[in-house]
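The next block holds one structure in the form of structure tokens; read it before the comments.
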């Protein structure tokens, strides 16, 4: 869902050495302008401003920087200066911006501390309007954390305050964000109430961007309720307004929403048209986030069409824009360091030989000072020998560090890729995607994980998930299976790759039974630090395509209809049960006691036969 972030700016201009500095006084709804931040940063770095304007320039830098680390740096500097000068107005703003930067960096705990400090300052100074804006910032942070209850509470507190202050612009914005939060909680009727009031205010103050956002959000609600005609009408109207305003990031995102609607209606051709249009806009205006989302959507649509090569192509582009760290380049840098040391060592050897030649020439030309020259040469050689010896020790020590880091890099590579795949990557610099005609894919998921996690501290949540996933890793290694990845509380693995086997389904069932048994036994523990979960398990067998995707932060992955069906088997399973597809049942029915569930409807797949695995048949035992 799109979060609206409208801009309300008032500018004062001052000239220093023919450079304009824009000093910004802003409401709590912060707009960012990186070009303005770059200009201010140049002025601030060169020191071409009057000292009495330092606070205002820091406000502009903290407000306009789109890079969270820079935003945090200037916010912190603003806090120190405002504290020193006892400037309350600047101090509440500085803490609010510090909280925004920390939230954008994912440090939600410290973000809340800063934002609460800002709220306390406004309460102490009885700045009621600013208190409402501080509550909006706190509500936004709780929204990012997924804590819907606290987010709604602070949004409603902000609404009550801002209504008394008669700040129409700020009220409309917080109403929109509150509606967005109700959408995240799937409380669509409540969301519509907030969106409609927000829309009326935006129309009254002639804010076209706000009106467009409301139309798009209402369109999404209609789509969720299956009213596709109203959904298309609202979103297309929002797109038309945004095109007039040249608001391209949101246009690109709304086009993806339209694609989702047509996917739900099984009109993949029209969905492709909207998604390609979204990608074209994102590429034209270099909107990396939108490029990534459009590529992922294209990959999913082509996969649904059965066009795996095109799906793979767009998935690679999605990965390339999603990630930022190039592991292969890091490995290459280690090799380059070794080469640099060897070159420097050779250069020192050449310098030594040149010095020795110069000494010999001096001996021939100046026989009368032979003794002094010999002593000088000996002294120089001794100093050079000591230097070379120390450098030799340094190079040996550095080479040892490089070897150790290289070994660690190789171990890390083997930890994220199968050995055969890692070997191919090191040898060729890339991995050829492979088709496997028969594998088994398993998904597991914890029941009610999202609701349970809200009541746990981050430390307890991570410890609990790690407890289960570590045991799952141990079980799949025991049965010769391949872990693919974890996505939140979902665990995915496969059997029959990268080395094909004929008993992959049997191994997968054995592993699933052990995982289900372990999860059930864990409920008997009395460890207050480990939260007990109930688990759903789904398995499907069939062909997949596997390979390493992306050029940055590469990962071994599999895709194809088999993977999608395996995921559906998990989502249609019940707690403590292993739900398998008909294709997996055909491979294991002679060995395992399977209970036929009938034909169950699956989204985008229709009716599918499913079976519960109850255990090994008694004759097998």
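Brief remarks on what is shown
- Residue in the stretch 606-617 that is touching a residue at least 40 places away in the same chain (Cβ under 8 Å), over 20 Å from residue 492 (Cα atoms) and out of contact with any strand residue (DSSP E or B) (no Cβ under 8 Å at 6 or more places or on another chain) present: no
- Per-region count, the stretch 573-589, residues assigned to a loop (DSSP other than H, G, I, E, B) and over 37 Å from the mean Cα position of the chain (by Cα): 1
- Of the numbered criteria (1) crowded, with 20+ Cβ neighbours inside 10 Å; (2) within 16 Å of residue 444 (Cα to Cα), the one residue 612 fails is (1).
- Residues that are modelled with pLDDT under 85, part of a helix (DSSP H, G or I), buried (at least 19 other Cβ atoms within 10 Å of the Cβ) and under 29 Å from the mean Cα position of the chain (by Cα) are absent from the stretch 43-51.
- Residue match in the stretch 58-69 (condition: in contact (Cβ under 8 Å) with a residue 24 or more places away in the chain, more than 32 Å from the chain's Cα centre (by Cα), crowded, with 16+ Cβ neighbours inside 10 Å and in the same structural domain as residue 120 (by TED's automatic domain parsing)): no
- Evaluated against (1) touching a helix residue (DSSP H, G or I) at 6+ places or on another chain (Cβ under 7 Å); (2) in contact (Cβ under 8 Å) with a residue 40 or more places away in the chain; (3) within 20 Å of residue 99 (Cβ to Cβ); (4) surrounded by fewer than 23 Cβ atoms within 10 Å (Cβ to Cβ), residue 184 falls short on exactly one condition, (3).
- Pairing each residue of the stretch 133-151 that is over 16 Å from residue 167 (Cβ atoms) with any residue that is part of a loop (DSSP other than H, G, I, E, B) and at pLDDT 85 or above, provided the two are 6+ apart or on different chains, yields C-beta distances under 9 Å for 141/147; 148/187.
- Check on residue 541, assigned to a loop (DSSP other than H, G, I, E, B), buried (at least 22 other Cβ atoms within 10 Å of the Cβ) and either at pLDDT 90 or above or on the phi < 0 side of the Ramachandran plot (or both): no
The values are calculated or read from the model by the stated rules, or taken from the named source; none is laboratory data. Worth saying up front: this structure is predicted, and the values here are computed from it rather than measured. As a convention, Cβ positions derive from the backbone with ideal geometry for all residues, glycine included, and neighbour counts pool all protein chains shown.
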